[in-house]
1. If only one of 67, 100 is at pLDDT 95 or above, away from the ligand (no atom under 16 Å from the Cβ), out of contact with any Phe, Trp or Tyr (no Cβ under 9 Å at 6 or more places or on another chain) and over 24 Å from residue 340 (Cβ atoms), which one is it?
2. Tell me which strands (runs of 3 or more DSSP E) are completely within segment 561-645 and hold 2 or more residues being in contact with a strand residue (DSSP E or B) (Cβ under 9 Å, 6 or more places away or on another chain) and under 30 Å from residue 545 (Cα atoms), or say none if there are none.
3. Scan segment 455-481 residue by residue and report those that are assigned to a helix (DSSP H, G or I), buried (at least 22 other Cβ atoms within 10 Å of the Cβ) and either within 16 Å of the ligand (Cβ to nearest atom) or of a type in the set (A, V, I, L, M) (or both).
4. Just need a number here: residues in segment 538-572 that are under 24 Å from residue 224 (Cα atoms) and loosely packed, with under 14 Cβ neighbours inside 10 Å.
5. Tell me which of these residue 425 doesn't satisfy, since it passes every other one: (1) in a helix (DSSP H, G or I); (2) aliphatic (A, V, I, L, M); (3) within 16 Å of the ligand (Cβ to nearest atom); (4) under 25 Å from residue 239 (Cα atoms).
6. The conditions are (1) crowded, with 22+ Cβ neighbours inside 10 Å; (2) out of contact with any Ser or Thr (no Cβ under 6 Å at 6 or more places or on another chain); (3) more than 19 Å from residue 234 (Cα to Cα); (4) among the β-branched types (Val, Ile, Thr), and residue 288 fails exactly one of them. Which is it?
7. If you scan segment 94-111, which residues turn out to be in a loop (DSSP other than H, G, I, E, B) and either acidic (Asp, Glu) or on the phi > 0 side of the Ramachandran plot (or both)?
Amino acid sequence: PFLFRLLTHDVFIAGKTWTTFIDDTPDLFRLVQSQNRAQKLLAYLGDLAVNGSSIKGQMGEPGLKDEIVIPKLQNPADPDGPPLDTSVPCEKGWRNIIVEKGPEAFAKAVREYPGVLIMDTTWRDAHQSLLATRLRTTDMVNIAKETSWALANAYSLEMWGGATFDVAMRFLYEDPWDRLRTLRKLVPNIPFQALVRGANGVGYTSYPDNAIYDFSKKAVENGLDIFRVFDSLNYFENLKLGIDAAKKAGGVCEAVVCYSGDVANPKKTKYTLQYYLDFVDQLVSEGIHVLGIKDMAGLLKPQSATMLIGAIRKKYPDLPIHVHSHDTAGIATASMLAAAAAGADVVDVAIDSMSGLTSQPSMGAVCMALEQTELGTGIRYADIQALNLYWTQVRLLYSCFEANVRASDSSVFDHEMPGGQYTNLMFQASQLGLGTQWTEIKKKYIEANELCGDVIKVTPSSKVVGDFAQFMVSNKLSKADVIKNAENLDFPSSVVEFFQGYLGQPYGGFPEPLRTHIIRSKPRIDGRPGAGMEPLDFKKIKSELRSKFGKHIVDTDVTSYVMYPKVFEEYQGFLEKYGDLSVLPTRYFLSKPEVGEEMHISIEKGKTLIIRLMAVGPVVEGKTTRDVWIEVNGEVRAVPVEDKN
Ligand code: PYR
């Protein structure tokens, strides 16, 4: 079967193999494993029938039981005629410029475009901010070709990075690289964008420099186009590394200034307009292609957007500017319109049913408002409606991960919690039994930020402030208590590491003597944390992983392991037991099957299993297992399952 896989592989047929093709092509090995795939799938479904889903959210079962309807797109050439043929992806879009002429030409064309362009965040930040990052690849795949047509004029689709990398392996049991590769084939025309945490890659900590170069190179090789590179403290030394890695990899480098405070408010004196202009000067000196303004909490009010983007535009007339925000307070649509009017080239939106609140502003609202100005986005109303029909259903499917945020919250202007963290902290707070004290957590978050020295708050620095706040709530500590007893308190490790300098240097430095009181005799780092780290030996890691997990380990697995060693190992353990579940429709992945329910699961091209849960047996005498009876293509099998209850 291996030889068959090799001889029938697209790349092999096209005669485009390279010397390490076999080594670098996971599907060859993964498909060999398909022989026992059905067996493993039954083990998963059996476990689900007995124990329920291990990743179930706090809100019960998925809210959609019906088949999802895939919308048809209107044919613009014949609106009243038959729908557009979307059986093949659209080939025309902004990515062609990147592929044919490179990142500089792309940046120039974006700047010269007379309207405003959009980035759609639906596949990344929207679900990170609303649904705990739980969106599975299959639910993007099912709408990918339609998206390639509907959003052909988009600047990019944000579909990777941020928390998606971690959550894909940790909770969804998916390979994040497979997501990138699979979607790339279905959307060849729209640039793919990832959010990268500079020297923290897609993790929560600093890595040796060669890990960041390796990650960026692999990302481009596997289909990524644009890197939005930020640092969680706006620490330039960390950013420089991420910028260089993105450029050396051949990607479009969109370097980011994270936005905090309020430039239009004279009482906010730390992060002023001058601070941002000076920071942009530093970024520009690195030869970036695009400037990103990352308003991760949704603090940028329209007047502030006008001032900030207006000032940058005046100073740098040729620099493309891309603005990102969150709608937590309900103001982001107005701010994106103000940013566009002040000279932004690209604004971030999410499809309507995945927009608003802690997510990005609505695509329909922003595009239709811009349509009435000189700054149209080239995205059609009818297409937005069609995509939205799909995402309305998908959002229901994932309703178990909703964080129960029901309304806007302008208190964000005080606590400055990033959109993704807002829902996440609410979720965590309720799991720790602190749910009723949500207001208290917000209050302590403000105090924890002050104790840290009023830092930029975005992953991972926001996690430090969040952990600090939760620590203060659960130990009933005021800010004064912390200052008074800092030498004796047992702080969360993320807080200690922040004060040691493991994330980098915050603007304005660390508050003293608090720093010394918290870290005590532990080492302190006063420069770039990754600078002193030994480079990694990827070959050695690969061979160790292969001895541990088998020959299917490829180079991108090594990169996953480097970013998340423990998560990767657990993910491999899961694969060993249950196989690759990416083929399983989300409803069956998340919820207990009902007895008698028939599931059609296509495990590979041309091979569909018809599965029916027949019965769940009693606990076997003297054991803790039950037999689950499952019919597969007409044949009944007993699957022994450990009852974890
Ligand atoms: C992330 O790094 O995950 C953000 O969304 C900021």
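1. Working: 67 fails: at pLDDT 95 or above.
Just one listed residue meets the conditions, 100.
2. 598-604, 635-642
3. Scanning segment 455-481 gives 461, 462, 463, 464, 465, 466, 469, 472.
4. 2
5. The one condition residue 425 does not meet is (4).
6. (3)
7. 102 - this is the single residue of segment 94-111 that is in a loop (DSSP other than H, G, I, E, B) and either acidic (Asp, Glu) or on the phi > 0 side of the Ramachandran plot (or both).
Conditions tested, residue by residue: (1) free of Cβ contacts under 8 Å to residues at least 60 places away in the same chain; (2) closer than 27 Å to residue 205 by Cα.
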position	(1), (2)
359	no, yes
362	yes, no
371	yes, no
382	no, no
399	no, no
406	yes, no
426	yes, yes
441	yes, yes
451	no, yes
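The values are calculated or read from the model by the stated rules, or taken from the named source; none is laboratory data. Computed from a predicted model, the values in this text were never measured in an experiment. Ideal geometry is used to build each Cβ from the backbone, glycine not excepted, and the neighbour counts take in all protein chains shown.
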